[in-house]
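The values are calculated or read from the model by the stated rules, or taken from the named source; none is laboratory data. Keep in mind it's a predicted model, so treat the numbers as computed, not measured. Glycine also receives a Cβ, built like all others from the backbone with ideal geometry; neighbour counts cover every protein chain displayed.
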2 protein chains.
Amino acid sequence: MSLIVQKFGGTSVMDAERLRNVARIITRTYDRGHNVVAVVSAQGHTTDELIAKAAELNPKASKREMDMLLSAGEQMSAALLAMTIEALGYPVKSFTGWQAGFLTNSRHTNAKIKRINKDRVENALNKRTIVVVAGFQGINRFDDITTLGRGGSDTTAVALAAVLHADRCQIYTDVDGVYTADPRIVPTAVKLSEISYDEMLELASLGAQVLHNRSVEMAKRYNVYLEVLTSLEEKPGTIIKEVTDVEKMIIRGVAKDTNVARISLMELADVPGIAFKVFSLLASKSINVDIILQSIGRGDTKDISFTVSAADKDSALELLRENQARLGFSDINCDDNIAKVSIVGAGMATNPGIASRMFEALAGANVNIQMISTSEIKISVLIEKSAAERAVHAIHDAFYDLG
Amino acid sequence: MSLIVQKFGGTSVMDAERLRNVARIITRTYDRGHNVVAVVSAQGHTTDELIAKAAELNPKASKREMDMLLSAGEQMSAALLAMTIEALGYPVKSFTGWQAGFLTNSRHTNAKIKRINKDRVENALNKRTIVVVAGFQGINRFDDITTLGRGGSDTTAVALAAVLHADRCQIYTDVDGVYTADPRIVPTAVKLSEISYDEMLELASLGAQVLHNRSVEMAKRYNVYLEVLTSLEEKPGTIIKEVTDVEKMIIRGVAKDTNVARISLMELADVPGIAFKVFSLLASKSINVDIILQSIGRGDTKDISFTVSAADKDSALELLRENQARLGFSDINCDDNIAKVSIVGAGMATNPGIASRMFEALAGANVNIQMISTSEIKISVLIEKSAAERAVHAIHDAFYDLG
């Protein structure tokens with residue numbers, strides 16, 4: 001019996017009408033002869049409302065209690081979806097995270113899955129029962145409820161697909177797939193029929209909000225056949241898998257990220273180990289650094305620039321200033337009026353000229369490049385924030401509008 | 001270390017202000033040197049809202065899924081109360097029903113507690129941690145979430161008090177104790193400082209909504225020292241225990257119940273076993289019969305009248321009509337424009353003249369008595385519904401306004 005895991009986000013289950021729509025998608029899949037595990041997020045704004053309630057009572061509420069509170073959201077939507085499926089006359093059971101066997105570490109609000117005891121879900125599936133699982137949650141070894149952090153329900157779905165050896169894991173969202181650029185910015189953006197895990201990871205980390213990186217990383221590790229599609233229309237989405245069949249398209253997408261800040265340390269001593277000192281200091285406070293640019297030494301000093309997420313900017317600056325004497329830089333400056341624009345594609349590594357075509361497009365659109373970073377499958381540039389949309393347009397046109 | 005179990009109903013935790021008030025009651029108790037277990041219901045109208053959501057999706061939703069849905073309500077209020085206590089700087093942990101060790105049978109939406117694994121709660125208390133338990137819920141042996149039915153959170157509190165050998169179980173409600181009559185009807189009603197379990201059980205079954213019978217029965221069985229009091233003011237409530245010290249007051253209260261219907265079967269054969277046939281038939285459909293009145297046989301027939309709850313009226317009538325041939329009555333009639341008014345008190349059995357004083361009061365108020373039923377500690381009369389309040393007043397005055 002083939003098995004399909006289907007994940008539905010908060011907007012897909014936000015009201016009775018949407019829940020009925022989701023129930024129809026699930027039962028249609030079931031009628032085609034598949035077993036189905038549905039993973040659900042909390043309805044609509046439930047999570048935000050619960051967070052607001054908690055903040056009113058205690059802005060510094062413990063993470064343990066936050067997990068206790070928030071996990072109820074998914075529990076409710078799982079039960080409501082199960083009832084909706086019951087109303088269509090199908091056998092169905094809902095499970096909380098712990099009932100579905102999700103054991104995590106104890107890092108409340110951002111827990112990692114350690115193990116899934118799949119027996120209960122498997123027993124239900126063996127009876128041809130549709131299984132609805134509350135996403136985003138598990139329990140730790142003390143039997144405390146934990147949650148998986150941002151994108152947690154995607155992770156729940158992919159993890160279940162992995163341990164149950166599902167034939168496919170479908171992530172239903174309010175967009176109908178992965179696009180070569182944000183369709184709200186670039187009307188000519190093209191929906192990809194396929195993309196590789198690595199490409200998807202680069203796109204996600206670049207600000208394409210379709211799938212959270214954790215779930216894609218897990219899909220890659222366990223070779224889960226992922227599909228991103230919309231719950232609002234019945235049409236194919238984008239398939240994410242190890243090797244894609246479509247080789248002719250060199251770049252998979254253009255993404256922009258405006259939640260980024262550049263920090264520059266001026267006149268650092270040009271001695272071995274200085275970069276290590278700077279970045280291990282930042283790492284010790286869990287501040288992720290993205291693009292790094294180190295100037296060629298001038299005499300006995302050099303400058304180092306790097307980007308951090310806008311949210312980490314203040315703590316990074318504070319930390320660096322505290323350590324100015326030890327690191328020995330003359331000055332620090334920061335710019336958060338910037339955007340990172342990137343192109344991603346596995347074909348890039350074997351296609352010389354991609355970078356130059358991107359830079360040409362930017363020049364043609366009169367966009368000044370501040371920093372450049374490249375990898376096997378990605379080229380990112382840092383530009384002024386106000387030029388971000390213009391840059392995405394220009395790059396997209398350069399690669400896709402070839403007639 | 002003494003232990004107090006405190007239960008807070010839905011209105012006591014309905015918003016931030018009320019939650020803070022409850023947190024203060026709990027921490028004040030803790031500061032006096034007691035360990036505290038707090039049991040909470042779902043906030044305000046949460047349960048009703050969830051039931052309405054479910055009804056929209058599936059009016060015949062399975063009871064299993066209803067339990068999955070509704071139990072989230074208490075989980076949320078437990079977490080919110082724990083956060084509020086955290087904000088006051090006290091050590092606290094919230095537990096769901098299953099985390100607190102509540103194992104029940106599998107009768108979803110009306111489950112009975114089978115066992116409580118108290119280790120987790122006890123371990124927390126031994127560390128002087130305040131424990132907040134989500135009321136109304138448990139799990140069955142399949143690890144499915146169950147709920148305890150009406151008054152379930154009271155039952156949770158009393159059961160915890162019993163297994164933990166608590167010194168006291170305080171039920172906080174929106175009334176400040178048990179009264180000799182409904183104070184909204186009888187302004188001169190007196191708050192009882194003490195009442196016995198049996199008297200409380202009679203009062204509860206007569207429509208006094210303070211405590212659900214199940215919890216009082218459990219308190220009686222395990223000799224739990226119960227107290228009913230209000231969360232809105234700091235003042236003593238009513239204590240419910242085995243033997244009360246106050247013997248001088250003969251009757252404990254006057255109660256009325258207007259959710260009642262009288263059914264009469266006319267001209268039944270006056271043969272042995274006919275009453276058994278009628279009432280076993282009703283029992284087979286779980287229809288509870290309260291007051292029964294059988295006329296003296298006239299020739300070879302007799303009439304039987306009895307009361308059922310108004311909710312059971314239609315199904316009782318239908319059932320009886322279906323079996324008219326077998327039971328052999330000539331006619332059936334029904335009146336739901338009636339009320340049951342009762343007086344309760346352990347002193348009654350040894351005090352002749354109580355009944356006559358009650359009947360005298362009713363006659364003086366020009367209230368016609370349709371049926372009478374008496375027990376060791378209770379006298380109930382059936383009267384016209386519109387006379388119910390007048391009757392309660394008259395009876396109350398006859399017993400309490402003795403100058």
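The table below gives the values:
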item: Out of B:Ser62, B:Ser71, sole residue that is facing chain A (nearest Cβ under 8 Å), closer than 29 Å to B:Pro91 by Cα and either out of contact with any Phe, Trp or Tyr (no Cβ under 7 Å at 6 or more places or on another chain) or in contact (Cβ under 8 Å) with a residue 12 or more places away in the chain (or both); result: B:Ser71
item: Some residue of the range A:146-162 being of a type outside the set (Gly, Ala, Ser), out of contact with any strand residue (DSSP E or B) (no Cβ under 9 Å at 6 or more places or on another chain) and within 14 Å of chain B (Cβ to nearest Cβ); result: no
item: Residues satisfying the stated conditions in the range A:108-122, i.e. basic (Lys, Arg) and either crowded, with 20+ Cβ neighbours inside 10 Å or under 22 Å from the mean Cα position of the chain (by Cα) (or both); result: A:Lys112, A:Lys114, A:Arg115
item: Qualifying residues in the range A:87-102 (those that are surrounded by fewer than 18 Cβ atoms within 10 Å (Cβ to Cβ) and hydrophobic (A, V, I, L, M, F, W, C)) - the one nearest to the other protein chains (Cβ to nearest Cβ); result: A:Ala87
item: Any chance B:Ala16 is closer than 30 Å to A:Ala87 by Cα, more than 25 Å from the chain's Cα centre (by Cα), surrounded by fewer than 16 Cβ atoms within 10 Å (Cβ to Cβ) and within 14 Å of another protein chain (Cβ to nearest Cβ); result: no
item: Residue in the range A:123-163 that is surrounded by the most Cβ atoms within 10 Å (Cβ to Cβ), counting only those that are under 27 Å from A:Lys63 (Cα atoms) and among the basic types (Lys, Arg); result: A:Arg150
item: Residues within the range B:36-46 that are crowded, with 19+ Cβ neighbours inside 10 Å and within 21 Å of the chain's Cα centre (by Cα), tallied; result: 7
item: Among (1) over 14 Å from A:Gly152 (Cβ atoms); (2) within 11 Å of chain B (Cβ to nearest Cβ); (3) small (Gly, Ala, Ser), the one test that A:Ser77 misses; result: (1)
item: Residue match in the range A:74-84 (condition: surrounded by fewer than 21 Cβ atoms within 10 Å (Cβ to Cβ), touching a residue at least 40 places away in the same chain (Cβ under 8 Å) and over 22 Å from the mean Cα position of the chain (by Cα)); result: no
item: Test: A:Glu56 is farther than 15 Å from A:Ala134 by Cα and at the interface with another protein chain (Cβ under 8 Å from one of its Cβ atoms); result: yes
item: Residue match in the range B:95-112 (condition: farther than 23 Å from B:Arg214 by Cβ and at pLDDT 95 or above); result: no
item: Strands (runs of 3 or more DSSP E) fully within the range A:156-256 counting 1 or more residues that are at pLDDT 85 or above and among the acidic types (Asp, Glu); result: A:194-196, A:226-230
item: Considering residues of the range B:351-386 that are within 27 Å of the chain's Cα centre (by Cα) and of a type in the set (Gly, Ala, Ser) only, the residue modelled with the highest pLDDT; result: B:Ser386
